[in-house]
Amino acid sequence: MVMILVYMGLGLVTGLLAGMLGIGGGSVVVPALVFVFGKEHLAPGLAMKLAIGTSLASILFTSLAAIRAQQKRGAIDWSVAAPLGLATLVGSLASGYLAGFLPGVLLKEIFGVFLTLVGLQVFADWRPAAHWRLPARPALMGVGVGIGALSAILGIGGGSLTVPFLTACNVDMRRAIAISATLGLPIAFFGALGFALSGQHRAGLPPGTVGYIYLPALAGLTTVALLVVPLGVHLAHNLPVTQLKRVFGVLLILVGVQMVFGG
């Protein structure tokens, strides 16, 4: 019961940050779950794989809500979202499956580097200049495969990769965010499927797992996160978000560095 409350508390924090600062859930969920699983005396490598798989599964639900909201607004450009989505499907399934066989410590270090870069981007509020145009469909799908593969390894929905790419290709920010929301679904579903398959019959997994997906954590954090995202959006209009982003950026940098060098 205590651990369910911990996971619900994590869902509260994740949902608020997503709504208030626009921070992707995986950047918060993965390191937090690694910490919690470590306190449950799971081996570090196993804890990292469980954290990534569970994070991807949770993004599946939040991305469905995001797609529904964006579609209601008519904001999704399916001429771009469809080929990118098909490509991320391939990349995320292959990467999610193969990542289950990589050393957990290596995954932790890769995620730490990523988190440090995200922290720097959040702190500086960096946005790429629009230097390019969207590539032709074959090249666009190649980018999608890469986004899906990297996102599945990291346990993220891909927004921190997709939005900068699209805005650099002269896509309007709101349109880029809407397209990115659609990619979270195939990335999360097929990435989580890959981790579920690669974790079958893995020794040392706690009860309540499907491969590398831990169902109690998934239920606790997803339920609460979906409920509080609207509250985070409301708070964004009443709090000094710029200052909060900088503080959170520093926190991400510190956590990222610790994951790389902390063992």
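The values are calculated or read from the model by the stated rules, or taken from the named source; none is laboratory data. All of these numbers come straight from a predicted model, not from anything done at the bench. Virtual Cβ from ideal backbone geometry, glycine too; neighbours counted across all protein chains shown.
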statement: H131: passes all of (1) crowded, with 16+ Cβ neighbours inside 10 Å; (2) out of contact with any Asp or Glu (no Cβ under 9 Å at 6 or more places or on another chain) but (1)
task: Can you run down the residue pairs with Cβ atoms below 6 Å, 6 or more apart or on separate chains, where the first is in region 1-23 and farther than 17 Å from V34 by Cβ and at pLDDT below 80 and the partner is β-branched (V, I, T) and surrounded by fewer than 16 Cβ atoms within 10 Å (Cβ to Cβ)?
output: G19/V233
- request: Filter region 219-263 down to residues that are among the polar types (S, T, N, Q) and within 17 Å of the chain's Cα centre (by Cα) and give me whichever is surrounded by the most Cβ atoms within 10 Å (Cβ to Cβ).
  value: T222
- line: Of L64, L50, L5, the only residue that is out of contact with any Cys (no Cβ under 8 Å at 6 or more places or on another chain) and under 16 Å from G100 (Cβ atoms) is L50
task: Restricting attention to region 200-215, report how many residues are of a type in the set (A, V, I, L, M, F, W, C) and assigned to a loop (DSSP other than H, G, I, E, B).
output: 2
task: Answer yes if at least one residue in region 90-100 is in contact with a helix residue (DSSP H, G or I) (Cβ under 8 Å, 6 or more places away or on another chain), surrounded by 15 or more Cβ atoms within 10 Å (Cβ to Cβ), modelled with pLDDT under 90 and farther than 26 Å from A47 by Cβ, and no otherwise.
output: no
query: Considering region 128-147 alone, what residues qualify as being assigned to a loop (DSSP other than H, G, I, E, B), more than 24 Å from the chain's Cα centre (by Cα) and not aliphatic (A, V, I, L, M)?
result: H131, W132, R133, P135
